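Novice: Below you will find the structure I want to go over with you.
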Amino acid sequence: MSVFEAIILGLIQGLTEFLPVSSSGHLEIGHVLFGVDEGDNLIFDILVHGATVLSTLIVFRKEIFELLAGLFQFKWNDETQYISKLIFSAIPVAIAGVFFEEQVEALFSGNLIFIGSMLLVTATLLSVAYFSKPRTRKVTFIDAFIIGVSQVLAIIPGISRSGATIATGMIIGNNKANLAKFSFLMVIIPILGANFLKIVSGEMTVSSSIGVLPLAAGFIAAFIAGLLACKWMVNIVRKGKLIYFAVYCVLIGVIAIFAA
């Protein structure tokens with residue numbers, strides 16, 4: 001992988017992780033276009049996902065500090081309940097990751113027809129959410145679990161994680177102004193958990209075909225792009241303009257299908 005390819009793929013990951021257009025689907029398309037081999041995919045994808053988690057921590061640092069401060073009061077306060085809901089939302093994806101890891105990895109095969117079809121599914125979810133009646137209910141524990149189930153579906157390349165979770169929350173009646181924050185914070189637990197498991201299992205070994213410079217370039221590009229996209233996406237969700245991303249997913253999905 002060249003430095004140029006790493007920067008482009010890092011920018012793709014950073015921009016699309018928080019926008020409801022499927023970062024995994026775009027990365028798979030990028031891998032196909034650049035002809036990146038499977039060994040490079042693993043280490044690079046783990047690294048750039050870590051970069052976008054770091055950008056999330058920075059964007060929501062004030063909210064995270066407030067949640068942690070409330071948690072260490074050791075009371076069943078709003079902050080403790082919120083963190084509990086985040087953990088509750090991570091249960092479905094944790095189960096999927098532990099028991100269906102091989103099946104999930106098999107989906108990342110660069111099949112453009114499959115990826116394009118899943119992008120159309122994402123477009124459908126965003127469209128339904130856009131035209132659903134706006135409501136103001138706060139996220140409950142049951143809501144958190146349902147949104148967590150939608151995050152499992154987003155393991156599939158082409159299904160947007162932020163799109164699926166935010167759309168699901170809007171469809172079941174949650175306040176869209178708070179959904180972006182919940183959606184972006186809930187991804188921290190599974191991504192950090194996945195990275196930890198990869199490190200412990202020894203799969204984070206850098207192959208001889210990818211150097212430190214491309215990895216660093218990809219990480220920095222994903223971090224900067226993620227920092228900008230995260231702030232942008234919060235404002236977009238509050239304004240409810242998800243339909244534009246639905247149109248985009250349709251266009252990219254159709255192009256991917258016919259380019260296969």
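The values are calculated or read from the model by the stated rules, or taken from the named source; none is laboratory data. Small disclaimer: the values here were computed from a predicted structure and weren't measured. FYI the Cβ positions are ideal-geometry reconstructions off the backbone, even for glycines, and counts take in every protein chain you see.
Novice: Would you mind telling me which numbered condition in (1) surrounded by 15 or more Cβ atoms within 10 Å (Cβ to Cβ); (2) not in a loop (DSSP other than H, G, I, E, B) ILE95 fails?
Specialist: Exception for ILE95: condition (1).
Novice: Follow-up question, since we're still on this one. Residues to consider are ILE83, ILE113; find the one that is hydrophobic (A, V, I, L, M, F, W, C) and out of contact with any Leu (no Cβ under 9 Å at 6 or more places or on another chain).
Specialist: After ruling out the rest, the residue left standing is ILE113.
Novice: A further question on this structure: With respect to the numbered conditions (1) at pLDDT 90 or above; (2) within 13 Å of the chain's Cα centre (by Cα); (3) of a type outside the set (A, V, I, L, M), which one is the sole condition not fulfilled by SER183?
Specialist: Condition not satisfied by SER183: (1).
Novice: Return a yes/no flag: does segment 72-89 have any residue that is modelled with pLDDT of 90 or more, in a helix (DSSP H, G or I), basic (Lys, Arg) and crowded, with 20+ Cβ neighbours inside 10 Å.
Specialist: Yes, because at least one residue in segment 72-89 is modelled with pLDDT of 90 or more, in a helix (DSSP H, G or I), basic (Lys, Arg) and crowded, with 20+ Cβ neighbours inside 10 Å.
Novice: Residues to consider are ILE220, ILE210; find the one that is modelled with pLDDT under 75 and of a type outside the set (Ser, Thr, Tyr).
Specialist: Every option except ILE210 fails the conditions.
Novice: Could I ask something else about it? Among all residue pairs at least 6 apart or on different chains, which show Cβ distances below 9 Å where the first residue, located in segment 90-113, is under 20 Å from ILE147 (Cβ atoms) and the second is of a type in the set (Ser, Thr, Tyr) and at pLDDT 90 or above?
Specialist: What qualifies is PRO92/SER150.
Novice: Against the definition (touching a residue at least 12 places away in the same chain (Cβ under 8 Å), surrounded by fewer than 16 Cβ atoms within 10 Å (Cβ to Cβ) and either among the aliphatic types (A, V, I, L, M) or in contact with a Gly (Cβ under 7 Å, 6 or more places away or on another chain) (or both)), how does ILE58 come out, yes or no?
Specialist: Spelling it out, ILE58 is indeed touching a residue at least 12 places away in the same chain (Cβ under 8 Å), surrounded by fewer than 16 Cβ atoms within 10 Å (Cβ to Cβ) and either among the aliphatic types (A, V, I, L, M) or in contact with a Gly (Cβ under 7 Å, 6 or more places away or on another chain) (or both).
Novice: Going by the structure shown, is ILE115 surrounded by 14 or more Cβ atoms within 10 Å (Cβ to Cβ) and either at pLDDT 80 or above or not in a loop (DSSP other than H, G, I, E, B) (or both)?
Specialist: Against the criterion (surrounded by 14 or more Cβ atoms within 10 Å (Cβ to Cβ) and either at pLDDT 80 or above or not in a loop (DSSP other than H, G, I, E, B) (or both)), ILE115 qualifies.
Novice: Shifting gears a bit: In the set SER132, SER109, SER160, which member is among the polar types (S, T, N, Q) and within 16 Å of the chain's Cα centre (by Cα)?
Specialist: It is SER160.
Novice: Which one is nearest to ILE91 (Cα to Cα) among residues in segment 123-145 that are outside any helix (DSSP H, G or I) and out of contact with any Leu (no Cβ under 9 Å at 6 or more places or on another chain)?
Specialist: THR140
Novice: Only one residue in LEU33, LEU67, LEU120 is under 22 Å from ILE166 (Cβ atoms), over 15 Å from the mean Cα position of the chain (by Cα), in a helix (DSSP H, G or I) and free of Cβ contacts under 8 Å to residues at least 60 places away in the same chain, so which one is that?
Specialist: Exactly one residue qualifies, and that residue is LEU67.
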